[in-house]
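Here the structure is laid out as structure tokens; the discussion comes afterwards.
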Amino acid sequence: MSASTEASTIAEYFKRKSIFITGATGFIGKQLVEKLVRSCPDFEHIYLLVRPKRGRNVNDRLKELFESPLFTTARTVNPDFEKKITALQGDILDPNLGLNSTDEYTLIENCQIVFHSAATVRFHEPLRLAVQMNVAAVVKVLALCHKMKKLQSVVHVSTAYANCNRNNVAEMIYPPPIQPSKLLDASEWMDDQVLDALTNKIINDRPNTYTFTKALAEYVISQDAKDLPLAIIRPSIVGCTWHEPIPVDFIRN
């Protein structure tokens, strides 16, 4: 398949589709949004889960995102793209992703595609927060996906290092050293001092809480998303862009 044929096939798939994206203001997420806008301009609508931050509301943050040089090329080929993108106020740490009932209804009724990219990527995040952001949030996203009436595909962004404790890693999901449900429960009631003291024992042969919780998230998906059209991608180290859409010097996180 030629590059042009492949590109047109992908663009055709996204035509008239509505898309929900978490983590859209992160390094990978913002490039995903740009790529969709530029290469798949006939999408129906894109909904971004965005939380207020440092006194800026979600629309301010969306405006700031679009003013980035990252979207310069996209704007030349799809000048009106901003009209088809909506920021929904929410937070992966909140119940129901922090969505109000109106926004949740909009997603349930309209979305065909979901990209879950939101996560903490700090290697040594305290275990409680890492569990809440990288595992509990997945449970919430899957719960929402199960309600979507037109769902066609879900993409979960994991990491190539989710199974870094293994010499050989296959395209499979490995059983975790601890049941995610037990750790999720413990993160709700156990105090920080105790949980921090137990972290090294809990993560066992993992180098950090990041890779540990990303592995747990994959297992949660294997159990809770068996009936969903879901794919897990495991990116390696995220580096710079060479040419597309612009040199990395202009991409800031």
Original post:
Hey, does the stretch 71-84 have a residue that's under 19 Å from the mean Cα position of the chain (by Cα) and in contact (Cβ under 8 Å) with a residue 40 or more places away in the chain?
Top reply: no
Subject >> Members of the stretch 200-215 that are of a type outside the set (A, V, I, L, M, F, W, C) and under 25 Å from the mean Cα position of the chain (by Cα) >> reply: Arg206, Pro207, Asn208, Thr209, Tyr210, Thr211, Thr213, Lys214
**OP:** Return the residue satisfying two criteria in turn: it lies in the stretch 199-244 and is buried (at least 16 other Cβ atoms within 10 Å of the Cβ), out of contact with any Asp or Glu (no Cβ under 9 Å at 6 or more places or on another chain) and among the basic types (Lys, Arg), and of such residues it is nearest to Lys140 (Cα to Cα).
**Re:** Lys214
Original post:
Can we say Lys17 is among the charged types (D, E, K, R) and over 29 Å from Asn134 (Cβ atoms)?
Top reply: no
Original post:
Taking the stretch 140-155 only, how many residues are surrounded by 16 or more Cβ atoms within 10 Å (Cβ to Cβ) and in a helix (DSSP H, G or I)?
Top reply: 5
**OP:** Quick one: count up the residues across the stretch 167-182 that are free of Cβ contacts under 8 Å to residues at least 12 places away in the same chain, surrounded by 11 or more Cβ atoms within 10 Å (Cβ to Cβ) and part of a loop (DSSP other than H, G, I, E, B).
**Re:** 2
Original post:
Among the listed residues Asp185, Asp196, which satisfies the condition of being without any contact (Cβ under 8 Å) to a residue 24 or more places away in the chain and either surrounded by fewer than 17 Cβ atoms within 10 Å (Cβ to Cβ) or assigned to a helix (DSSP H, G or I) (or both)?
Top reply: Asp185
Subject >> Selected residue (criterion: farthest from Val131 (Cα to Cα)) from residues of the stretch 200-222 that are modelled with pLDDT of 95 or more and of a type in the set (S, T, N, Q) >> reply: Ser222
**OP:** Would you point out which residue out of Lys140, Lys182 is under 21 Å from the mean Cα position of the chain (by Cα) and either at pLDDT below 95 or of a type in the set (D, E, K, R) (or both)?
**Re:** Lys140
Subject >> Spans of strands (runs of 3 or more DSSP E) in the stretch 1-120 with at least 2 residues at pLDDT 95 or above, touching a His at 6+ places or on another chain (Cβ under 9 Å) and not acidic (Asp, Glu) >> reply: 18-22, 85-89, 113-116
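The values are calculated or read from the model by the stated rules, or taken from the named source; none is laboratory data. Please read these numbers as outputs of a predicted model, since none were measured by experiment. All Cβ positions, even for glycine, are placed from backbone atoms using ideal geometry, and neighbour counts span all protein chains on display.
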